[in-house]
Each structure stands twice: as structure tokens, then as C-alpha cells.
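Let me begin by presenting the structure, written as C-alpha cells, before commenting on it.
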Amino acid sequence: MKLIVPSALLLSVGLILAAGCVAPTDKNSSNLTTTPAFSPFSYPPDPGLNKTINKTENNTLTSEGSLRVSISGILYPANASVILDNRTVGVVTPAKPLYLMISEGNHTVIVCVGSVCEQENVIIRFGKYVDVDFSERLQRDVEFPDPSARPSVQINEYYKNGNVVSVDVEFMNPEPVDHMLSVYISVGYTYIDGRSQVKLGDSAQAMTMVSMKAGQRLIKRVDIHLSGDSIVSFDSPVIVELKVK
């Protein structure tokens, strides 16, 4: 017995299957935007094409050398002005030299105590160290500056007794009015440490004060006590500060 399927039924099934293969469409697809897969690269203009770069501009280097100015050998207190090539560059004292870094070439150094000035011409070279000391000239030309105090010139005026250095200080007041003078004296020394047996260095200070009549001169002894187990040596006493009232 043959099964007979109406052709109309086959046609309907075919149409249904064909309709099911069509993908549904998004009603809002008209609002979507597309983004390119990559953006093109943009290159800044080469500065070398339109501009010359000067690598040395504002980077000029000058060669310098070291200069040390001192008056450490004078026996009276002083604050001396230091002038380099007609320009004041600092102050130097017997206890504190002045260190400078200056350009290569010829320079003029002047040190003034009051109205007395001493001059030295120096040649500065890169990497070289120049030391200029004005002590001898100032000691010769400025023996007694304004109201002052100084250790006596003679070597027997300071000496060591045990751990004490005694200094005979000569005070002078050349002015026509009375003054009160106070002075600080310092002594550098070396000693052997009792525990480590190592040689060490230190300094000790002492202060004294005197009332001076106009035109008066006097000598006062000042004792400076050194601390240490075994004193090896000591330097010449130095006046580090003088106050006048």
C-alpha cells in the first residue's frame, strides 16, 4: 500500500524551514556606530629640521684654583678686610684664615687692618693651591692697632708648668678715654690618651678682663689649664677675641 502525501503539505513544510533560517534583525541597528580597528599614528615634527641646538649654551665652564689668605702669625687681635681685585670678599683673623676659589689668572690680594693695607700679586692655576700670609708685614707695620691686647713679644712671656700654660698679656689703651677690655686666649696642644694610648689634639681657652685708663699700658698673667693625661706639645697662645667697652 503506497503512502500518498499531498504536495501542498510538502510545500508548506519547506516554507516554514526556510523562514527559520533567517536571522532576526535588531530594530535599533540603525543607531549603532562602528569604530575603526586602529587609529593612524601621528609623528611630531623633527626639531632637527628647523632648529639648531647649541649644547654649550649657558653651560660655559671656567677653571678655578684655591687661595688661602691668613694673618695667623700676628700677636694682636685683628679683623682684617680681604680685598680681591678691588672687591671686598671677606674677613680674616689670626685664628681663622679665609679660603677662596677664584678663576685662573693674575689677581691682586689686599689685606687691611685699620688704615694700613698690605698687597700681594698672585697667579692662580687650575688645581693648584696658593697660600698667602700677611702676618710678618702687618706685625711690622701695625704694631699697636686701636685699643688692644697682645701676648708679649718676648718668648719667655708664656710657658708651661705641668698642665698649665701661663701667658703674660700686655694691654694697651692708646685712646684719650678710659676703656674696659676683655680678651679670650686659646692654646692648641696634643696629649696621650691614658686609656687608648693614642695621641690626640685639643685646645683650651681662658678669659681675662681689665679696666684701662686713657693712655695706660699694663701686663697681666693669664693661666690656661690643659686637660689630658700626658701633654706632648702645645702651640703659641693666640688671642681669638677682644672686646672693648
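Tabulated results
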{"read-out": "log₁₀ of I(q)/I(0) at q = 0.13, 0.16, 0.20, 0.24 Å⁻¹ - the range 148-244, Debye sum with one point per alpha carbon", "value": "-0.49, -0.67, -0.91, -1.16"}
{"read-out": "DSSP bridge orientation in the range 64-141 - percent antiparallel, rounded to nearest 5", "value": "85"}
{"read-out": "For the range 64-141, average projected area of the Cα convex hull in nm²", "value": "4.6"}
{"read-out": "Unsatisfied cross-links (Cα-Cα over 28 Å) in the set LYS199/LYS243; LYS96/LYS199; LYS199/LYS220; LYS128/LYS160; LYS128/LYS199; LYS96/LYS128", "value": "LYS199/LYS243; LYS199/LYS220; LYS128/LYS160; LYS128/LYS199"}
{"read-out": "Where labels lie 7 Å past Cα in the beta-carbon direction, separation of GLU175 and GLU64 in nm", "value": "3.9"}
{"read-out": "Taking HIS107, HIS225 and counting other C-beta atoms within 10 Å, the order from fewest to most", "value": "HIS225, HIS107"}
{"read-out": "Added length on full extension, which subtracts the Cα-Cα distance from 0.36 nm per residue, LYS160 to SER103", "value": "16.0 nm"}
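No value in this document is a laboratory result; all are computed from the given coordinates. What you see is a predicted model, and the numbers here were worked out from it, not measured in a lab. Quick reminder, even Gly has a Cβ in these numbers, built from the backbone with ideal geometry, and neighbours come from all protein chains shown.
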